[in-house]
Amino acid sequence: TPGDPELFRTEELSPAPVVGLSLCDSAPLLWRLQDLKAVRSDGLVGALLGSLPRTPRQNVRLGRPLLLLPEEERLLGERRGAATLPNQDGETDRTGHLYQKDQQRSFEEQSVLALEDRKSALVRAMTSSSGRCVTMRRLLELEQNFSFPRSALAVQLSTARAGLSHCPEARAFLEADWPIRAQRCPRREARFQVFRDLRGRGFFLTSAGKFGGDFLVYPGDPLRFHAHFIAVCLALDESICLLDVLCVARLGSNVKKTVLLCSPAPDGPVRYTSLQWSGMV
């Protein structure tokens, strides 16, 4: 029955479904709809990256995939469980073969169009005094000697096609900077401790790079609320320049947000210090 306590106990013990991650270099992406719903139910926001099929030339509303913050990925692994989806090598090979066939067909079509365009230009350039025989001979020579270079092929890239990636230097830089699962440092640990503590208090968090902080802190779903705080993560014993404090406080005042200096204690809760600009003295 619905009120059976044994039923509630079974539901509590049932494991949450594992979320599947797809890695682009080292960036965790979510493609499956059920995974997006699962992380949203856990209060993890992420950032949508993909364009919508019917309106691809705008960036106001975006779609899948969903890019997770490193802290979101780590917290997801602790709470629900996350697994990297296996690479479908056979599917990738088949997609690459189809792409090559499509490119060859496009090359042949564009070769015909380019030849017709060149013929039209030649007919327009020939004067009426040249005679029909001369014109036909020139057209025949053009058709026999015409060659459409591969470099002139107009290519339309598909956002659904895999294989586009960074150059080796950029990939090495991203791999050294991004994956929180591969490297641990005091800075990343402080960010994660703050992220986990604020999420545990019921706040929603997104990246605050354009506001000069680590996280934007929302009292509820970002689709319904504006951010109230800009979280700046610092080690408890880390010194900070007074000018930097003034800059971030003034910035928070201009965007009508309170700046939080967040410092995780080694064996205790996270300590928060709020900054608000009160004016020039």
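Among the candidates Thr258, Thr273, the residue that is open to solvent by less than 50 Å² (accessible area, probe 1.4 Å), among the polar types (S, T, N, Q) and either closer than 22 Å to Ala190 by Cα or in contact with a strand residue (DSSP E or B) (Cβ under 6 Å, 6 or more places away or on another chain) (or both) is uniquely Thr258. Close contacts from the range 135-146, counting a first residue that is in contact (Cβ under 8 Å) with a residue 12 or more places away in the chain and part of a helix (DSSP H, G or I) and a second that is of a type outside the set (A, V, I, L, M) and surrounded by 12 or more Cβ atoms within 10 Å (Cβ to Cβ), with Cβ to Cβ under 8 Å and a gap of 6+ residues or different chains, come to Leu139/Lys119; Leu142/Arg118; Leu142/Lys119; Glu143/Lys119. With respect to the conditions (1) part of a helix (DSSP H, G or I); (2) within 22 Å of Arg80 (Cα to Cα), Gly252 lacks only one, and its number is (2). Is it the case, given these coordinates, that Pro264 is touching a residue at least 60 places away in the same chain (Cβ under 8 Å) and either of a type in the set (D, E, K, R) or at negative phi (or both)? Yes: the conditions hold for Pro264.
If the condition is being farther than 20 Å from Glu71 by Cα and either charged (D, E, K, R) or surrounded by 15 or more Cβ atoms within 10 Å (Cβ to Cβ) (or both), then the range 204-227 contributes only Arg224.
The values are calculated or read from the model by the stated rules, or taken from the named source; none is laboratory data. In this text, all values refer to a predicted model and were calculated from it rather than measured experimentally. Neighbour counts are summed over all protein chains in view; Cβ atoms, including those assigned to glycine, are modelled from backbone coordinates with ideal geometry. Heavy atoms of the whole protein, side chains included, go into the accessibility calculation; ligands, DNA and RNA do not. Shrake-Rupley method; radii C 1.70, N 1.55, O 1.52, S 1.80 Å.
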